[in-house]
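These notes concern the structure reproduced below.
The values are calculated or read from the model by the stated rules, or taken from the named source; none is laboratory data. None of these values were measured; they are calculated from a predicted model. Neighbour counts are summed over all protein chains in view; Cβ atoms, including those assigned to glycine, are modelled from backbone coordinates with ideal geometry. Please note that ligands, DNA and RNA were not included when accessible areas were found on the heavy atoms of the full protein model with its side chains. Shrake-Rupley method; radii C 1.70, N 1.55, O 1.52, S 1.80 Å.
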Amino acid sequence: MPAPRTVLLTGAAGRIGTLMRSLLPEYGYALRLFDVRPVEDAPDAITADLTDTVALREAVRGVDAVLHLAGISREAPFEKILKSNIEGTYRLYEAAREAGVPRIVFASSHHAVGYTPVPCPGEPPIPVEAPHRPDTFYGLSKCFGEDLARFYWDKHGLETVSVRIGSCFPEPNSVRALSIWLSPADGARLFHAALTAEGVGHTVVYGSSANTRRWWDLGGARALGYEPRDDSEPYAAKLLAEQGEPDPADPAQRLLGGRFVTDPPIWPY
Ligand code: 15L
């Protein structure tokens, strides 16, 4: 597949979308922006809902790939997740298939496997083959997205890299995040690798920086050509002093999904 140049970025006004809007053009991409909310300083951005099939057809026309970051990014009532993350992702795949777009990079999440216990020191990292164990309706929607992506590859030859993103913030914001942090610069490196690697079919990878305390296997991401450069360790002493060592008796610290596992399933949204 030739290196994609024009990429549709859904969720362009969101937290990761905003970071990628500033980082990905350095890799030579022309980004077409899409969001349900207006995108600041981007008068050409398409403002539409993911279930708006007319807007989606227009959005995917002529693009080389889609970076699909749009959707609700935490727990919400099922009806909202259903419309935004499940129906919306399906509508996007249909529009991409119709338009012959060859590849989508899908923002999955480790919350697709959130009930997986975190490895104890000395244990192997969590493999990408770990069974789906969603911790929320949100995580369930990411399982759906990964399966939808596999289906569109098997049935229609539309390639996807599903990236199970950890915690993508400028700095890790908790002791837990030390293990799952994806620095914005590494996020751009990973998305670039996912957009350009040859013959991905449908591939699922974890998305984090090269954190000393990482919990999951980055082999799949590295096989795409991803070379992370950041590590959360320089933030560890400060965060541990503020928050203390993880307590293995606390499910929010023993299980990958953290508070997504233990908090009331419906948060205000
Ligand atoms: C996610 O999947 C969320 O989208 C993000 O906002 C963070 O909460 C992250 O997981 C996390 O687990 O820290």
In the range 238-261, is there at least one residue being touching a Pro at 6+ places or on another chain (Cβ under 9 Å), among the hydrophobic types (A, V, I, L, M, F, W, C), in a loop (DSSP other than H, G, I, E, B) and under 20 Å from Leu69 (Cβ atoms)? no
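Per-residue answers, yes or no, for (1) of a type in the set (D, E, K, R); (2) part of a loop (DSSP other than H, G, I, E, B); (3) more than 22 Å from His111 (Cα to Cα):
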site: Ile16; (1), (2), (3): no, no, no
site: Leu19; (1), (2), (3): no, no, no
site: Ser22; (1), (2), (3): no, no, yes
site: Arg37; (1), (2), (3): yes, yes, yes
With respect to the numbered conditions (1) touching a residue at least 40 places away in the same chain (Cβ under 8 Å); (2) in contact with a His (Cβ under 7 Å, 6 or more places away or on another chain), which one is the sole condition not fulfilled by Pro134? (1)
Kindly provide the set of residues from the range 122-161 that are within 13 Å of the ligand (Cβ to nearest atom) and either small (Gly, Ala, Ser) or not in a loop (DSSP other than H, G, I, E, B) (or both), ordered by number. Phe137, Tyr138, Gly139, Leu140, Ser141, Lys142, Cys143, Gly145
Exception for Ser174 within (1) under 18 Å from the mean Cα position of the chain (by Cα); (2) under 30 Å from Glu79 (Cβ atoms); (3) in a loop (DSSP other than H, G, I, E, B) falls at (1)
Have a look at Arg133, Arg103 and point out the one that is open to solvent by 40 Å² or more (accessible area, probe 1.4 Å) and either aromatic (Phe, Trp, Tyr) or in contact with a helix residue (DSSP H, G or I) (Cβ under 8 Å, 6 or more places away or on another chain) (or both). Arg133
Six or more apart or on different chains, Cβ under 7 Å: which pairs go from a residue in the range 176-203 that's more than 14 Å from the ligand (Cβ to nearest atom) and among the acidic types (Asp, Glu) to one that's open to solvent by less than 10 Å² (accessible area, probe 1.4 Å) and not in a helix (DSSP H, G or I)? Could you list them? Asp186/Ser209
Using the structure shown, decide if Ala45 is among the hydrophobic types (A, V, I, L, M, F, W, C), buried (at least 18 other Cβ atoms within 10 Å of the Cβ) and on the phi < 0 side of the Ramachandran plot. yes
Name the single residue that is most open to solvent (accessible area, probe 1.4 Å) among those in the range 232-245 being more than 16 Å from His110 (Cβ to Cβ) and within 15 Å of the ligand (Cβ to nearest atom). Gln243
Across the range 48-83, what is the number of residues that are assigned to a helix (DSSP H, G or I) and buried (at least 21 other Cβ atoms within 10 Å of the Cβ)? 4
Quick one: which residue in Arg259, Arg214 is of a type in the set (Lys, Arg) and out of contact with any Gly (no Cβ under 9 Å at 6 or more places or on another chain)? Arg259
